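A.B. asks: Here's a structure for you.
Just so it is clear, none of the values below were taken in a lab; they were calculated from the coordinates. Since the model is a prediction, treat every value here as computed from it, not as a measurement. Positions of Cβ are backbone-derived with ideal geometry, glycine not excepted, and every protein chain shown enters the neighbour counts.
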Amino acid sequence: MSDDPPSKDDTEFATRAIHAGQRPDPETGAVMTPIYASSTFAQDGPGDHRGYEYSRTGNPTRTALEDNLASLEGGEYGRAFASGMAAINTVLNLLEAGDHVVVGEDVYGGTHRLFTEVYADYDLRFSFVDTTDPDAVAEAVTPATELLWIETPTNPLLQVIDLDAMAEVAEAADALLAVDNTFATPALQRPLEYGADIVAHSLTKYLGGHSDVVGGALITDDQELDERLGFYQNSVGATPDPFACFLVLRGTKTLPVRMERHSENARTLAAWLEDHPAIERVYYPGLESHPQHELAARQMDAFGGMVSFELDGSLEATERLVSGTEVFTLAESLGGVESLLEQPATMTHAAVPREQRLEAGVTDGLVRVSVGLEAIEDLRADLAGAIDAALDR
Ligand SMILES: *Cc1c(COP(=O)(O)O)cnc(C)c1O
């Protein structure tokens, strides 16, 4: 066996998911990367170390994860963080007072909060725009624009944003394009291929994949940018511990297999919901009725595990629906092996004023589902029963 882990160029995605960044431990032969639970590392002489000095700055378990994630996104450099928000925060650290950021209007709520309630106080300016409309994005650009921040598919309405078009706008504006790829994962979509400068992740979701760890990551192809991100990673110190890194590495090994089944289950469930008489509307990029279905088919290898739908019923009926399932668990978050559901109006989007929420399409009857890996028959029967009970049919 060679000493070097397979590089990003010479093996397929599923092989890299298991091997990239990892090799048997040179000391013991341990096949899995050990959890290097050490805060500090012995030096052979002052300043003469073997690549590691102190675990905030770098840790071998974290390096294995960072190299693995970089390889999966098709990038050269990966950085892991203590949470998705810590990763996103680090991108904002690149900016200076007075800089302007163009942001997708339905980005993750925590991202919205970080931008408007933390960084607005540091004199960064944000314009929230409909990123399904590249002209609107281009019009929002000002001479001070340094960053374009997008997510695709979006949450909870699963709109698909054209990565090629966003890269064009960012380039014309001489701004960085950062894409939060948490919903799609690199198994389905690799934004660097479309010209993104930075890919951000909440590892808490599909990459960890088992709802047992919180983490984040940034991946880039640009060495200078990576060095700046690394400076803030170390200076701010929101780094993950080696056990968290080990858990995420365990998750990424099965990412391609999980995403295939998540996508298959979600597509089956979405098609069934679309034909259900009590369901007014289904949002899933894999359905032909989805307004950006063709773009999604071009840009993504499969359509992912997130489905949203609108019950033809009141806020109260919808509360009964999400409280009435047995296989689906009522909870926020997503991306684990287990199916979850939630009501955005009363949960993830409760802080958004009702008028504004309705205008954005987040209606009282909207339900968001993270479709897990359980048997599809059980998932369908569970939702069917909860819908009937909610509507007293
Ligand atoms: C969960 C999530 C985040 C935040 O990640 P944490 O790990 O919870 O800090 C950011 N973006 C998206 C799209 C998410 O779903």
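A.B. asks: Taking neighbour Cβ counts within 10 Å as the exposure measure, how do SER202, SER314 sort from fewest upward?
C.D. replies: Least crowded to most crowded, the residues run SER314, SER202.
A.B. asks: Also, quick follow-up: For the range 204-299, rounded, prolate or oblate, judged on the Cα gyration tensor with a ≥ b ≥ c (square roots of eigenvalues), a/c < 1.5 rounded, else prolate if a/b > b/c?
C.D. replies: prolate
A.B. asks: Provide the percentage of antiparallel DSSP beta bridges, counting only those with both residues in the range 154-267; round to the nearest 5.
C.D. replies: 60 percent
A.B. asks: Counting just the Cα atoms, what span does the chain cover along each of its three principal axes? Round to the nearest Å and put the largest first.
C.D. replies: Computed over the chain, the largest-to-smallest principal extents equal 76, 51, 34 Å.
A.B. asks: Sort 139-150, 243-254 for me by packing, meaning the mean count of neighbouring Cβ atoms within 10 Å per residue, highest on top.
C.D. replies: Going from most to least packed, we get 243-254, 139-150.
A.B. asks: Looking at the range 27-181 only, what percent of DSSP beta bridges run antiparallel? Nearest 5 please.
C.D. replies: Percent antiparallel among DSSP bridges in the range 27-181 is about 10.
A.B. asks: Moving on to the next point. Could you list MET300, MET85 in order of exposure, starting from the residue whose Cβ has the fewest other Cβ atoms within 10 Å?
C.D. replies: MET85, MET300
A.B. asks: So for each of 206-217, 36-47 I average, over its residues, the number of other beta carbons within 10 Å; can you give me the resulting order with the highest mean first?
C.D. replies: Ranking, from highest mean packing down: 206-217, 36-47.
A.B. asks: Rounded to the nearest 5, what % of the DSSP beta bridges within the chain are antiparallel ones?
C.D. replies: 55 percent
A.B. asks: Label the range 31-144 by shape, choosing from rounded, prolate and oblate, from the square roots a ≥ b ≥ c of the eigenvalues of the Cα gyration tensor; if a/c is under 1.5 it is rounded, and otherwise prolate applies when a/b is larger than b/c, oblate when it is not.
C.D. replies: prolate
A.B. asks: Separate question: In deg cm²/dmol and to the nearest 500, what is the mean residue ellipticity at 222 nm of the chain if only DSSP H runs of at least 4 residues count, each as -39500 (n - 2.57), divided by the residue total?
C.D. replies: It comes out at -10000 deg cm²/dmol, rounded to the nearest 500.
A.B. asks: Also, I was wondering about something else. Quote the relative contact order of the chain in percent (integer), defining contacts as alpha-carbon pairs under 8 Å separated by 6+ residues.
C.D. replies: Averaging sequence separation for qualifying contacts and normalising by length gives 16 percent for the chain.
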